[in-house]
Every structure is written in structure tokens, then in C-alpha cells.
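What follows is a short report on a single structure.
Computed from the coordinates by the stated procedures, all read-outs in this text should not be read as laboratory data. This one's a predicted model, so the numbers in the text were calculated from it and none came from an experiment. Here Cβ is always computed from backbone atoms with ideal geometry, including for glycine, and neighbour counts include all displayed protein chains.
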Amino acid sequence: MDIKVNFSGRSIRYTEEEIATVVDAMRNAEPLTQARHLQDFESKFARYQGVAEGSCFAVMNGCAALEMSAQLCRFKPGDEVVIPSHTFTASCYPYIKHGGHVVWADIDLATRVVTAETIERVMTPKTKAVVVVHLYGYVADMPAIVSLCKERGVILIEDTAQTIGSELGGVKAGAFGDMAIFSFHSHKNLTTLGEGGMLYVRDPKLAALVPGLRHNGHCAYDFERPDYWKPAMGNVDVPTIDGEMLMPSNYSLGEVECALGAKMLERIDTINDEKRCRAMRFIDGLSDWPELEFHRVPTRRHNYHLLAARMTSGTEKRDAFMRAMYEKKGVKCVVQYIPLDRYDFYTRLGYGRADCPNADTFFDTMISFPFQHWMPEDQFQYMLGAARAVMESLR
Ligand SMILES: Cc1ncc(COP(=O)(O)O)c(C=O)c1O
């Protein structure tokens with residue numbers, strides 16, 4: 001098969017300035033972890049998000065941020081956590097690991113994310129937390145979801161892994177809830193050398209636990225040491241809140257990655273804007289075939305991390321489209337986000353049933369196009385031409 005447009009796992013290419021930032025940190029950072037680039041990245045990230053200084057914590061990936069957010073929920077037996085079935089698995093399993101009982105929420109078919117209505121439908125008196133996933137790069141209707149969660153006294157967590165820089169009403173995705181997680185994985189619009197993440201915690205009392213949770217329970221001694229080496233370099237304790245002890249891990253992100261993350265914040269808006277402009281050109285270029293339905297959002301509410309469509313005429317037509325794109329045109333589209341209830345993992349854990357018809361319909365008819373930021377214009381034009389030709393041949 002002569003692949004002309006591949007579905008790459010890498011979203012961006014670095015600029016020479018970004019590469020120089022990495023090289024400089026490689027040469028000069030001392031130590032290579034837990035130092036000034038970490039503080040700088042967290043500070044700049046908080047400023048970018050418009051949230052309080054000291055509320056953002058860099059970690060080694062989005063999953064590590066999810067693990068800590070789940071710990072901070074402090075689930076008790078029977079506590080439920082509402083999670084969309086249409087998402088990536090890491091949005092969910094950390095909450096199971098830390099004692100939450102998952103309840104699946106459906107998505108809206110047009111926007112592919114949860115709404116206040118789909119969440120409220122599955123809430124019960126046992127609901128302790130809600131995880132909103134801004135999937136594909138689109139911010140869910142957060143004002144309505146925030147009101148709902150406040151009214152019910154429920155913890156609201158935003159999975160902003162795919163949505164850095166998107167905003168609604170001047171508020172950044174990830175700045176609405178009680179906590180938020182971000183991913184800087186290779187495929188994301190901002191990546192720190194392939195792995196990386198951030199945890200946002202609004203409540204300063206909970207935020208105070210994160211440095212210890214993130215780094216082996218390391219903390220300062222609470223007494224003066226006349227000899228700095230006695231008893232040893234630093235203390236280790238269990239992060240504790242209201243008498244409850246939380247187990248630490250080491251989820252730290254190194255200095256080189258942090259230096260790059262801080263630098264990339266200067267360019268993320270441009271990357272997002274360029275991806276959105278391109279997405280508009282692609283969507284508008286296929287408007288003669290309305291059965292291939294896109295989510296068209298020409299504003300910063302969508303960063304088009306991914307470019308997804310749905311074949312409204314059904315799975316068979318979707319498959320015919322994908323096959324022709326691949327076999328005749330060499331364009332490798334993919335299908336993403338198997339509703340989690342369909343995975344063996346969740347079935348074996350007792351979560352194998354979900355009443356989420358929109359998630360099922362969307363997944364069974366969706367197409368995700370290759371959409372890396374660095375795709376050359378001639379490849380992009382080729383993919384658009386190929387999609388038009390295949391749609392015409394399927395009429
Ligand atoms: C929606 C979503 N949540 C969570 C994650 C986990 O992030 P990471 O790969 O950085 O652990 C990802 C991506 O990888 C994701 O797409």
C-alpha cells in the first residue's frame with residue numbers, strides 16, 4: 001500500500017528556538033528535575049490559564065494528573081463518578097483505582113461531548129464527582145455543567161488533555177472546574193517531547209497536598225536543624241487531609257520538558273488558530289456532501305486537536321469511505337474512542353453496560369482524518385481532493 005497521507009502520532013514540529021531551549025536546558029539545567037524550569041512552567045501555565053499562582057502542577061503525563069485528581073476526590077465505598085463512555089481509557093480507570101464507582105454518561109451527537117442534561121440524567125444521591133472530557137478539542141457547555149455540579153455539591157473535574165487553549169466566554173478550558181488535567185503527549189497540540197501533563201487544583205487546601213503526592217511524600221522538616229545534614233537531606237511524610245492519608249508516587253516532569261513546555265506556551269494559540277483555519281477549509285470543501293457531518297466551530301471554542309466526522313448514512317457507508325480512502329487514495333483515516341463499556345477491561349470490572357446511544361452511534365459511524373499541524377499544504381490538498389472524489393464515487 002502506497003501511503004500518501006498517514007495518521008501520524010506526532011502533532012507538531014519544533015521551531016529552531018524551541019530546539020535551542022531544549023539544548024540549553026540539557027546543557028545547563030542543574031539539577032535536571034525539581035528546579036527552576038518546573039516553577040517557571042507552572043507559573044506561566046497558571047497565567048496562561050488565568051488561574052491562581054500555585055494551582056498548577058507539572059507531571060509526567062496526563063494519566064498521572066488523573067491519578068492524583070482521583071486521589072483528591074477521596075472516594076468512600078459507594079461513591080459514584082460520572083464519566084462519558086466516549087473517551088480515552090485514561091479518563092476513567094484512575095477513578096476506579098482510587099475507589100470511585102463509574103456511571104457512564106452519554107454524549108451529544110452533534111458536539112461529541114457530555115452536556116448538563118446527559119450528566120444530570122445519570123446523577124444519583126451517591127454522585128461524588130463528574131469528569132467532563134472536552135474531546136477532540138471542543139469545550140463542553142461548562143457554565144451549565146458548573147451550575148449543575150454546584151447545585152448538587154459535586155466535584156467537577158475537566159479532562160482537558162486534548163483541549164489546551166480552547167475557551168468559552170473568555171474562560172480557558174480547564175479553568176471552570178474544581179480540578180483539571182492536561183496532556184502534553186506526542187499527539188497533542190502542545191507536546192513536551194512526547195510525554196508530559198499538568199494538574200490544576202482550585203482549592204488551595206487540596207493543592208497543598210500535590211507536591212508531596214507527586215514526589216514520594218518528600219517535604220520539609222517542621223523543625224530547625226542546627227546541623228543541616230541531621231537527620232538527613234529532607235523529610236518524608238504521608239500527605240494528609242482531614243485525618244485522611246493519601247499514598248504518594250513519583251509523577252515528576254523533568255527540567256528539559258518543563259523548559260520546552262514554558263517556551264511552547266508562546267506558540268500554542270498560533271498552532272490552534274492555524275489548525276482551526278485548516279479545519280474550516282476542509283469542512284467547507286466537503287459541504288457538498290452533508291451526509292459527511294463535521295462539527296464546524298470557527299471560534300476558539302475548538303482547537304481541532306482532531307478532525308472528526310460522522311457518516312450519517314451509517315456504518316457500511318463509513319467503512320466504504322475509509323476503505324476507498326485507504327486502498328484507492330492512500331489516506332489513512334482511523335476510528336477512535338471505542339465506548340469504554342465495550343472494552344474487555346471495563347466489562348471484566350463490571351462496567352460492560354452503558355445506556356449511551358449517542359456514543360454508540362457516533363463511534364460506529366465516525367471517521368478521524370490525519371490532522372497533524374505540520375502536514376504540508378500539498379498533502380492537505382491531496383487529502384481534501386481524495387475525500388471529495390471518494391464521496392462523489394459513493395453517491
Ligand atoms: C482525553 C484524554 N484523556 C487523558 C489522556 C491521557 O494523557 P497521557 O497520554 O498524557 O497520559 C489522553 C491522551 O493521551 C486523552 O486524549
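Laid out as a table, the results:
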| read-out | value |
| --- | --- |
| For the range 118-192, average projected area of the Cα convex hull in nm² | 5.1 nm² |
| Proximal lysines to K4, defined as alpha-carbon separation beneath 21 angstrom and excluding residues fewer than eight positions away on the same chain | K275, K328, K329, K332 |
| Rg over Rh, two decimals, the range 207-308 (C-alpha only, Kirkwood Rh) | 1.30 |
| Anchor K263: aspartates and glutamates whose Cα lies under 19 Å away (excluding residues fewer than 8 positions away in-chain) | E16, E17, E18, D24, E30, D40, E42, E53, E195, E255, D273, E274 |
| Ranked packing of 385-391, 307-313, most packed first, by mean Cβ within 10 Å | 307-313, 385-391 |
| Potential lengthening between I338 and E30 on full extension [0.36 nm per residue; Cα-Cα distance subtracted] | 106.6 nm |
| Nonlocal amide H pairs with H302, under 5 Å, H built at 1.01 Å | E167 |
| Inter-probe distance in nm under a simple model that places probes 7 Å from Cα toward Cβ, at M1 and T347 | 2.5 nm |
| Additional length obtainable on full extension of the chain from E117 to E16, 0.36 nm per residue less Cα span | 31.7 nm |
| 3J(HN,Hα) from dihedral phi, the range 12-25, Karplus parametrisation 6.51/-1.76/1.60, rounded to Hz, x for glycine, proline | 10, 9, 7, 7, 4, 5, 5, 5, 5, 4, 5, 4, 4, 5 |
| Amide H within-cut-off set for Q336, under 5 Å, with H built and near neighbours excluded | S368 |
| Under Karplus coefficients 6.51, -1.76 and 1.60, residue-wise ³J(HN,Hα) of the range 167-175 in Hz, glycine/proline x | 8, 9, x, x, 9, 6, 3, x, 10 |
| Equivalent ellipsoid dimensions for the chain as semi-axes, Å, which come from the Cα gyration tensor, largest first | 38, 27, 17 |
| Whole-Hz couplings from phi, Karplus 6.51/-1.76/1.60, listed for the range 334-346; x for Gly and Pro | 9, 10, 10, 6, 3, x, 4, 4, 8, 6, 4, 3, 6 |
| Under 5 Å, built H, 5+ apart or other chain: amide partners of V59 | G197, M198, L199 |
| Dipole moment magnitude, nearest 20 debye, the chain about Cα centre, only Lys, Arg, Asp, Glu C-beta charged | 580 debye |
| Computed E for E327/Y228 - FRET, C-beta separation, R0 51 angstrom, nearest 0.05 | 0.15 |
| For the range 225-383, fraction of C-alpha pairs farther apart than 28 Å, in % | 50 percent |
| Where labels lie 7 Å past Cα in the beta-carbon direction, separation of D273 and S313 in nm | 3.9 nm |
